[in-house]
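All of the numbers you see were taken from the coordinates with simple rules; none came from a lab. It should be emphasised that the depicted structure is a prediction, and the values quoted were computed from it without experimental measurement. So basically every Cβ, Gly included, is an ideal-geometry build from the backbone, and we count neighbours across all protein chains shown.
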Amino acid sequence: MAYVDTKNSALLIKPGPVRARSILRRRSRNEPDSVRSSLVMHNIVVDGRRTTVRLEPVIWDALQDIARREQLTLHDLVSDINRNRTTSSLSSGIRAYVVIYLSAGLRDAPSGRLWQGN
């Protein structure tokens with residue numbers, strides 16, 4: 001609600017009540033992509049306990065590729081990441097692991113290979 005302060009000639013905005021349900025409401029699948037979260041949820045078993053992890057699709061794809069290359073299941077790889085992480089959350093630990101793994105691979109790759117699209 002807005003009103004004008006006649007003494008100071010200023011427009012003042014008084015906040016209305018905030019309903020928790022409107023802030024925490026679930027997003028519909030019909031909402032445009034700009035409104036929906038870009039994070040994808042997957043259930044993972046980490047050290048024998050089931051948990052849900054939300055990550056960007058590109059991180060999930062990279063993580064699955066890394067697991068394949070290392071001949072590990074996704075669950076085993078994420079369990080290893082969880083045991084060795086220094087970040088506050090598992091999602092952040094996974095993102096950091098993927099970046100470090102891929103950047104180490106780029107450092108070790110012959111420079112010509114990067115530009116040839118191989």
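At-a-glance table
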read-out: Globularity ratio of region 54-109, using Cα Rg and 2.2 N^0.38 Å; value: 1.06
read-out: Neighbour net charge for Ala62 - beta-carbon separation under 15 angstrom, K R +1, D E -1; value: -1
read-out: Volume per residue of the C-alpha convex hull in region 33-83, rounded to whole Å³; value: 69 Å³
